[in-house]
Amino acid sequence: MNSSLLNALSRSAVALAALGFALGMGLGNAADAPAGAAFWTLRPQAVAGSTGVFLADLVDVATNGPALPALRITNAPPVGHPFVISRALVEAVLHQRQPEAIQPRWEGAVESSVARRTRALEESEVLERLSTVMQRSYVGDKGELELVPTRPWVPPVIADEPGTLRIIEFPVAGLSASFIVRFELKAGREILGSWQLPLQARVWRDLYIAPTSLPRGTSLSEAGWLRERRDSLSIRDAIGALPADPAGYELGEPLSPGSVLTARMVRQRPVIARGHLIDALVQEGGLSISVRATALEDGVPGQVIRIRNPRSLKEFNGKVQNADTVLVTL
């Protein structure tokens with residue numbers, strides 16, 4: 001064999017040896033991993049929730065590979081402050097928590113930048129949550145609350161957590177047509193943020209509307225009311241439901257067509273009319289005396305009115321018992 005051929009074979013052997021060494025170094029952990037170990041790929045970028053950074057947040061598993069163990073690596077990063085987790089830290093936690101587990105074959109990045117999972121807090125969500133809380137706490141069954149912001153809402157970025165809305169500042173006078181509310185979102189012990197928002201409010205309700213001109217003294221049962229959906233918040237003491245016995249109540253003032261019926265317009269219908277003769281009952285111990293008297297005022301049961309003895313012309317006060325009797329107080 002000539003010298004040229006020997007030199008060529010020698011160079012080939014050196015190259016193969018170098019290639020083998022390079023391949024051995026490249027396989028690294030995979031060459032040393034036990035048979036059956038899964039291939040894990042560390043993500044270069046990852047996101048996590050408030051409960052912490054879990055193995056599943058950091059690692060992709062080869063298709064059809066075994067499921068990842070439910071392993072918490074560390075606390076979650078604050079919103080806007082990502083941090084780096086190395087592959088070595090993941091291996092150390094895995095070895096400490098599950099020492100009997102088969103070590104994986106690693107691929108991908110050697111470290112992962114982990115950020116908090118976030119989302120934009122949209123205006124529609126804010127109004128829906130505020131409406132739910134305020135409907136329950138300040139409106140109840142008095143109508144349907146509608147809120148309209150008077151200033152543009154710039155959606156803030158918050159942690160992507162379900163959260164609970166809590167109102168932390170509300171007008172002392174209660175719900176009004178225009179006000180400012182302060183509120184916060186809280187997920188567990190973590191406050192996702194607090195904000196202030198100026199709002200206009202309406203409380204929609206079916207109200208009683210006068211169909212025509214109604215004079216003072218009209219019975220509520222005879223008015224022929226119309227029903228219209230209106231903002232009851234802008235109408236003080238608007239009535240959403242008539243008394244159980246509408247015939248026992250009447251208008252205390254006249255109404256024009258289209259007027260809304262309010263509580264101050266309604267009074268209980270008198271059972272005793274001014275100028276009518278009634279029985280004035282005087283009680284003293286076990287003795288009762290009844291005399292005829294003239295009512296000087298209209299009266300409803302329980303009301304104290306003035307009465308006059310037609311013979312002596314003396315006036316007394318008496319509490320209306322019913323349509324025929326007044327109990328005199330001496």
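The values are calculated or read from the model by the stated rules, or taken from the named source; none is laboratory data. These figures come from a predicted structure and were not determined experimentally. Methodologically, a virtual Cβ is constructed for each residue, glycine included, from the backbone with ideal geometry; neighbour enumeration extends over all protein chains shown.
As for the stretch 115-123, it holds at least one residue that is of a type in the set (Asp, Glu) and within 21 Å of the chain's Cα centre (by Cα).
Residues that are touching a residue at least 24 places away in the same chain (Cβ under 8 Å), outside any strand (DSSP E or B) and not assigned by TED's automatic domain parsing to the domain that holds ASP60: does the stretch 191-200 have at least one? Scanning the stretch 191-200 turns up no residue that is touching a residue at least 24 places away in the same chain (Cβ under 8 Å), outside any strand (DSSP E or B) and not assigned by TED's automatic domain parsing to the domain that holds ASP60.
Among the residues making up the stretch 147-167, a single one is part of a strand (DSSP E or B) and charged (D, E, K, R): ARG166. Restricting attention to the stretch 205-228 and to residues that are crowded, with 20+ Cβ neighbours inside 10 Å and touching a helix residue (DSSP H, G or I) at 6+ places or on another chain (Cβ under 7 Å), the residue that is farthest from GLU253 (Cα to Cα) turns out to be ARG205. Screening ARG292, ARG311 for residues that are among the charged types (D, E, K, R), outside the structural domain of LEU226 (by TED's automatic domain parsing) and in a strand (DSSP E or B) leaves exactly one candidate, ARG292. Is one or more of the residues making up the stretch 98-105 touching a Ser or Thr at 6+ places or on another chain (Cβ under 9 Å) and either at pLDDT 90 or above or over 30 Å from SER194 (Cβ atoms) (or both)? No, the conditions are met nowhere in the stretch 98-105. Looking across the stretch 295-305, just one residue is assigned to a strand (DSSP E or B) and surrounded by fewer than 16 Cβ atoms within 10 Å (Cβ to Cβ), and that is VAL304. Of all the residues in the stretch 129-184, those that are in contact (Cβ under 8 Å) with a residue 60 or more places away in the chain, of a type in the set (A, V, I, L, M, F, W, C) and more than 24 Å from TRP204 (Cα to Cα) number 3. Comparison of ARG129, ARG136 shows that the only residue that is surrounded by 13 or more Cβ atoms within 10 Å (Cβ to Cβ), under 24 Å from ALA187 (Cα atoms) and outside the structural domain of ASN75 (by TED's automatic domain parsing) is ARG129.
In the set (1) assigned to a loop (DSSP other than H, G, I, E, B); (2) within 30 Å of ILE85 (Cα to Cα); (3) of a type in the set (Asp, Glu), ASP141 fails one condition alone, (2). Where residues in the stretch 229-258 are under 12 Å from TRP204 (Cα atoms) and out of contact with any Leu (no Cβ under 9 Å at 6 or more places or on another chain), which of them is surrounded by the most Cβ atoms within 10 Å (Cβ to Cβ)? Looking at the filtered set, the residue picked out is ASP231. For the stretch 147-166, a residue qualifies if it is within 17 Å of the chain's Cα centre (by Cα) and surrounded by 15 or more Cβ atoms within 10 Å (Cβ to Cβ), and the qualifying residues are LEU147, GLU161, GLY163, LEU165. Note on the stretch 207-254: residues that are among the polar types (S, T, N, Q) and in a strand (DSSP E or B) amount to 1. Does GLU125 count as assigned to a loop (DSSP other than H, G, I, E, B) and either in contact (Cβ under 8 Å) with a residue 40 or more places away in the chain or among the acidic types (Asp, Glu) (or both)? So GLU125 does not fit the description; no.
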